[in-house]
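Novice: Next up is a structure, given as structure tokens.
The values are calculated or read from the model by the stated rules, or taken from the named source; none is laboratory data. Not measured: the values here are computed from a predicted model. Virtual Cβ from ideal backbone geometry, glycine too; neighbours counted across all protein chains shown.
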Ligand SMILES: Cc1cc2nc3c(=O)[nH]c(=O)nc-3n(C[C@H](O)[C@H](O)[C@H](O)COP(=O)(O)OP(=O)(O)OC[C@H]3O[C@@H](n4cnc5c(N)ncnc54)[C@H](O)[C@@H]3O)c2cc1C
């Protein structure tokens, strides 16, 4: 059967597109490599009386209507997080009340447009600012933007951080029921509208000509290759997957080849992030650090320099985070080894016995997004000179192939859930505009 649209990937971009297209009566088939929806949104919610653990996206940054309107519609709640930041040094912890002010001072010196884009590393070296502020800006771009500083475009950072609503890093909230509940709600709505979802289908090849797309996918349940046919296809794959070597798991071949997309991808990098979530029986850190729920502490010079806390009467959770080049060091490391070194660090910093920490540890959770063949990294950023790359990646091909996913967000605010949702909705409108004309003709 020939569908109107084949959507490749059931992450937030694919789901948002399926929601719109199915509500307009088009025949939509979604092909997803994994056994679940959500992609890089992945909450573990099976703990009794405890908040969900977010292995992927955790925060709603700023006030994005793409998320807030849906949360309202689906009856999901958010909780704002504290904006406290502490730094650790040999004298212990001290609060940094001017954390954002110092970062903003650096960001306000960056120019958004002009001839001379350069790496953020080079820019930092040329700025005349207090060492402490430069250091904070460096670790913010490395951690939050997940970027290698010797690659990321200064102008792309400036575009995000100097825009009216910035990256939203200063104004964050969590979804109480877990981020995956948002994905499931959109999925259920699209299914009610008769969108078809096929899980465990790893797409391998997309053969196309104007008005026709044939997709071959490896059906992991039967171990056979299955073919699908449609008038159009919407590709929502992560940049890491689009850039992966031909023949490796998850990689996709286009026939004819898409030169223009390969060129755009040369300027888009997939950032690395490692995130470990440690659930404890009690918030032992409060004895040394008077930090509110949602507060952050920073430990410079260690493998996981950024931490935040999540606790209430039910949970006592610490999350450890490292992004950018530093995160690459963790790739392939055994999880047990990582958890051991995190506990060792906590034992030193909070002067608490290792054995006692082990006793307090309820569970730990870790996912290596870099080694996952269906993401191959955490989220995208632009390299020097790449300001137009998102638009080029997003551009439709011959009214037949369409592109969405966080890296194709046209406002430059890539790397977020709201960017993914907005890109899916944008691509759905592009498809509707063309298919409506075709049916009318
Ligand atoms: C650790 C981490 C923390 C994050 N924190 C935040 C945060 O706090 N706030 C925020 O807003 N954003 C955050 N993000 C980013 C956010 O999760 C992503 O930007 C967003 O979820 C991307 O959605 P997407 O639909 O573009 O891509 P994806 O979610 O990656 O969806 C793509 C889908 O395609 C599927 N796929 C891949 N290859 C194939 C194939 N060959 N065949 C078929 N299907 C395939 C994948 O399985 C996946 O389901 C975080 C990401 C990570 C990894």
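Novice: Can residue 101 be described as near the ligand (Cβ under 10 Å from one of its atoms) and more than 30 Å from residue 434 (Cβ to Cβ)? Show your work before the answer.
Specialist: Values: near the ligand (Cβ under 10 Å from one of its atoms): no; more than 30 Å from residue 434 (Cβ to Cβ): yes.
The answer is no for residue 101.
Novice: Considering each of 33, 18, 13 in turn, give the residue that is within 14 Å of the ligand (Cβ to nearest atom), in contact with a strand residue (DSSP E or B) (Cβ under 9 Å, 6 or more places away or on another chain), in a loop (DSSP other than H, G, I, E, B) and in the same structural domain as residue 204 (by TED's automatic domain parsing).
Specialist: 33
Novice: Considering only the range 41-62, I want to know if a residue exists there that is more than 16 Å from the ligand (Cβ to nearest atom), assigned to a loop (DSSP other than H, G, I, E, B) and in the same structural domain as residue 436 (by TED's automatic domain parsing). Write out each step before concluding.
Specialist: Within the range 41-62, the subset more than 16 Å from the ligand (Cβ to nearest atom) is 45-50.
Still in the running and assigned to a loop (DSSP other than H, G, I, E, B): 45-50.
In the following step, the residues that additionally are in the same structural domain as residue 436 (by TED's automatic domain parsing) were identified as none.
Scanning the range 41-62, I find no residue that is more than 16 Å from the ligand (Cβ to nearest atom), assigned to a loop (DSSP other than H, G, I, E, B) and in the same structural domain as residue 436 (by TED's automatic domain parsing), so the answer is no.
Novice: Hey, another quick one. From 204, 243, which residue is in the same structural domain as residue 30 (by TED's automatic domain parsing), out of contact with any helix residue (DSSP H, G or I) (no Cβ under 6 Å at 6 or more places or on another chain) and surrounded by fewer than 22 Cβ atoms within 10 Å (Cβ to Cβ)? Talk me through it step by step, then tell me what you get.
Specialist: Numbers: 243 fails: out of contact with any helix residue (DSSP H, G or I) (no Cβ under 6 Å at 6 or more places or on another chain).
Of the residues listed, the single one that is in the same structural domain as residue 30 (by TED's automatic domain parsing), out of contact with any helix residue (DSSP H, G or I) (no Cβ under 6 Å at 6 or more places or on another chain) and surrounded by fewer than 22 Cβ atoms within 10 Å (Cβ to Cβ) is 204.
Novice: From the list 400, 335, pick out the single residue that is outside the structural domain of residue 241 (by TED's automatic domain parsing) and more than 14 Å from the chain's Cα centre (by Cα).
Specialist: Details: 400 fails: outside the structural domain of residue 241 (by TED's automatic domain parsing).
Every option except 335 fails the conditions.
Novice: Okay, moving on. Across the range 346-388, which residue is nearest to the chain's Cα centre (by Cα) among those that are more than 16 Å from the ligand (Cβ to nearest atom) and surrounded by 20 or more Cβ atoms within 10 Å (Cβ to Cβ)?
Specialist: This residue is 386.
Novice: A further question follows. Is one or more of the residues making up the range 75-84 under 29 Å from residue 280 (Cα atoms), within 14 Å of the ligand (Cβ to nearest atom) and assigned to a loop (DSSP other than H, G, I, E, B)?
Specialist: The answer is yes; a qualifying residue exists.
Novice: Can you find even one residue in the range 286-295 that is more than 15 Å from the ligand (Cβ to nearest atom), under 26 Å from the mean Cα position of the chain (by Cα), surrounded by 15 or more Cβ atoms within 10 Å (Cβ to Cβ) and farther than 30 Å from residue 433 by Cα? Give the derivation first.
Specialist: From the range 286-295, those more than 15 Å from the ligand (Cβ to nearest atom) are 286-293, 295; that's our starting set.
With under 26 Å from the mean Cα position of the chain (by Cα) added as a condition, the list becomes 292-293, 295.
Okay, now just the ones that are also surrounded by 15 or more Cβ atoms within 10 Å (Cβ to Cβ), so 293, 295.
Those still in the list that are farther than 30 Å from residue 433 by Cα too: 293, 295.
Yes, there is a match, as at least one residue in the range 286-295 is more than 15 Å from the ligand (Cβ to nearest atom), under 26 Å from the mean Cα position of the chain (by Cα), surrounded by 15 or more Cβ atoms within 10 Å (Cβ to Cβ) and farther than 30 Å from residue 433 by Cα.
Novice: Within the bounds of the range 403-420, is there any residue that is touching a residue at least 24 places away in the same chain (Cβ under 8 Å), more than 8 Å from the ligand (Cβ to nearest atom) and in contact with a strand residue (DSSP E or B) (Cβ under 8 Å, 6 or more places away or on another chain)?
Specialist: yes
Novice: Are any residues in the range 88-104 surrounded by fewer than 17 Cβ atoms within 10 Å (Cβ to Cβ) and either touching a helix residue (DSSP H, G or I) at 6+ places or on another chain (Cβ under 7 Å) or over 20 Å from residue 160 (Cβ atoms) (or both), and if so, which ones?
Specialist: Across the range 88-104, the qualifying residues are 89, 90, 91, 92, 94, 95, 97, 98.
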